[in-house]
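For reference, the structure is listed below as structure tokens.
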Amino acid sequence: MNKTVITFAVLGLMTGSAAAQAPNFDDPAEFDKQREQLTATFNGPADQIYRQYAGNEMVDTSEFATDAPWTVCFSNAGVNNPWRVVGYTNMTEEVKLHPEIGTFTHVDAEGSDDKQIADIDDLLAGGDCNILIVSPNSTAALTPAVEKACAAGLPVIVFDRGVTTDCPVTFVHPVGGYGFGIQAADHIIANVPEGGNVLMLRILPGVDVLETRASGARNMFEEAGLTILGEEFTDGDNAKTKSIVEDYLQRGNIDAVWMDAGATAVAAIEAFEDQGMDIPVITGEDQQDYLQKWRDLGFAGIAPTYPSYQWRTAIIAAVQTLKGEEVPGPEWVLPQPAITQDVLDDYINENMPPLHYAMCGCEDMPTYPEAWGGNE
């Protein structure tokens, strides 16, 4: 088990799961719900978007209240792409803001379902955790492991990717995969004529927020009369992304490239640049290199987001749970804004690394920007 244990100084102030169901990645009712949530009014502090939440449902966590210092355990799907690197930095810096957390134990599944299941078993066997935070590698495979933790009486916070059980205290996430797919697909439909050709690029299968991004967008393209040239998995690799786009360019015209995650969006853009071709509609995400490329080349871009500030929220939810305070639930749904042309300049920061994600919600933290690799 790859384990990182961070122990913090403790200040003087310290003193029923449901049966798993097969995932449904094409749910019209959930699609409609997320479309509405994209423009909903959220509760919570106006200046702390990572504490905002949709709706009024709250979960009573009084049964989990316990004296600090606490050991907070985190089973992570991986720190294997730039978005997750930014998110994990958000999380560790948020931990530092809560002196009640005596020990933060992080285990990295390195993108493996089997390893994450074993990691959770090891954490449960150790008996040291006061609470378990889980970001699942994939939905179906990790559901039994989460249920096992719940059955052991451990409060569980799931975030980022979901599971098909309602036993966790809450599931922290932005609006969702359908919402991301909707934001990008709406933009393409508005900028590509009927009959236009769309290439869909994806990173990996089996993850709820990625599958729903694709199914939602696919249905919208078909309804709008656009032609889907293909759906190809890039593995999040720049060279593979570029090669796939080049291959499709040899077959014919591409009017838009839709991506279910934006880390390799610049590679897709470069495939057109290398051919001396005009850049079509290419969707990305809120990473700096894409935002800057979009500004510099002036193509019809959009950055739907799956904000990395949710990594902060997971820690906040854990702290509130261990204090016995109410938390939004059974889902803590966060806002999910998109970056559009009219606000693009507001999110570009030349002092941050190329793969820093602008929607980090981290600018108010004491260690920003240095902890994220940025310069003042």
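The values are calculated or read from the model by the stated rules, or taken from the named source; none is laboratory data. All values reported here derive from a predicted model rather than from experimental measurement. A quick note on method: Cβ atoms are made from the backbone with ideal geometry, for glycine too, and the neighbour counts reach across all protein chains shown.
Worth pointing out:
- Some residue of region 338-353 being crowded, with 18+ Cβ neighbours inside 10 Å, acidic (Asp, Glu) and not in a loop (DSSP other than H, G, I, E, B): no
- So Ala217, is it touching a Gly at 6+ places or on another chain (Cβ under 8 Å) and part of a loop (DSSP other than H, G, I, E, B): no
- Subset of region 261-314 [outside any helix (DSSP H, G or I) and aliphatic (A, V, I, L, M)]: Ala261, Ala263, Met277, Ile279, Val281, Ile282, Ala300, Ile302, Ala303
Residue by residue, here is whether (1) crowded, with 24+ Cβ neighbours inside 10 Å; (2) under 21 Å from Lys96 (Cβ atoms); (3) acidic (Asp, Glu) holds:
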| position | (1), (2), (3) |
| --- | --- |
| Tyr306 | yes, no, no |
| Ala317 | yes, yes, no |
| Glu325 | no, yes, yes |
| Pro328 | yes, no, no |
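- Residue match in region 367-376 (condition: within 30 Å of Ala65 (Cα to Cα), surrounded by fewer than 23 Cβ atoms within 10 Å (Cβ to Cβ) and at pLDDT 95 or above): yes
- Leading residue by the ranking (nearest to Leu199 (Cα to Cα)) among those in region 225-254 that are under 25 Å from the mean Cα position of the chain (by Cα), among the polar types (S, T, N, Q) and not in a loop (DSSP other than H, G, I, E, B): Thr241
- Matching option when the condition is modelled with pLDDT of 95 or more, crowded, with 21+ Cβ neighbours inside 10 Å, out of contact with any strand residue (DSSP E or B) (no Cβ under 6 Å at 6 or more places or on another chain) and under 30 Å from Gly361 (Cβ atoms), among Ile188, Ile282, Ile182: Ile182
- Residues in region 63-111 that are charged (D, E, K, R), part of a helix (DSSP H, G or I) and either under 27 Å from Gly153 (Cβ atoms) or over 16 Å from the mean Cα position of the chain (by Cα) (or both): Glu63, Glu93, Glu94.
- Screening Ala317 against (1) out of contact with any strand residue (DSSP E or B) (no Cβ under 6 Å at 6 or more places or on another chain); (2) assigned to a helix (DSSP H, G or I); (3) farther than 20 Å from Ile269 by Cα leaves a single unmet condition, (1).
- Test for Asp208: is it of a type outside the set (Phe, Trp, Tyr), in the same structural domain as Val245 (by TED's automatic domain parsing) and farther than 26 Å from Gln116 by Cα: no
- Neighbours by Cβ (under 7 Å, 6+ apart or cross-chain): first from region 46-59, over 15 Å from Cys362 (Cα atoms); second aromatic (Phe, Trp, Tyr) and not in a strand (DSSP E or B): Tyr53/Phe42; Ala54/Phe42
- Only one of the listed residues (Ala338, Ala300) is within 16 Å of the chain's Cα centre (by Cα) and modelled with pLDDT of 95 or more. That residue is Ala338.
- Options Tyr248, Tyr290; residue that is assigned by TED's automatic domain parsing to the domain that holds Leu204 and under 29 Å from Gly373 (Cβ atoms): Tyr290
- Residue check for Gly87: touching a Ser or Thr at 6+ places or on another chain (Cβ under 8 Å) and under 22 Å from Ala263 (Cα atoms): yes
- Residues (in contact with a helix residue (DSSP H, G or I) (Cβ under 8 Å, 6 or more places away or on another chain), crowded, with 19+ Cβ neighbours inside 10 Å and assigned to a loop (DSSP other than H, G, I, E, B)) located in region 43-62: Ala54, Thr61
- Residue selected from region 93-108 under the condition in contact with a Ser or Thr (Cβ under 9 Å, 6 or more places away or on another chain) and of a type in the set (Val, Ile, Thr), by the criterion farthest from Tyr309 (Cα to Cα): Thr103
- Checking each residue in region 147-178 for being closer than 12 Å to Ile117 by Cα and either in contact with a strand residue (DSSP E or B) (Cβ under 6 Å, 6 or more places away or on another chain) or assigned to a loop (DSSP other than H, G, I, E, B) (or both) picks out only Ala149.
- From the list Asp186, Asp208, the lone residue that is charged (D, E, K, R), in contact with a helix residue (DSSP H, G or I) (Cβ under 8 Å, 6 or more places away or on another chain) and over 26 Å from Phe272 (Cα atoms) is Asp208.
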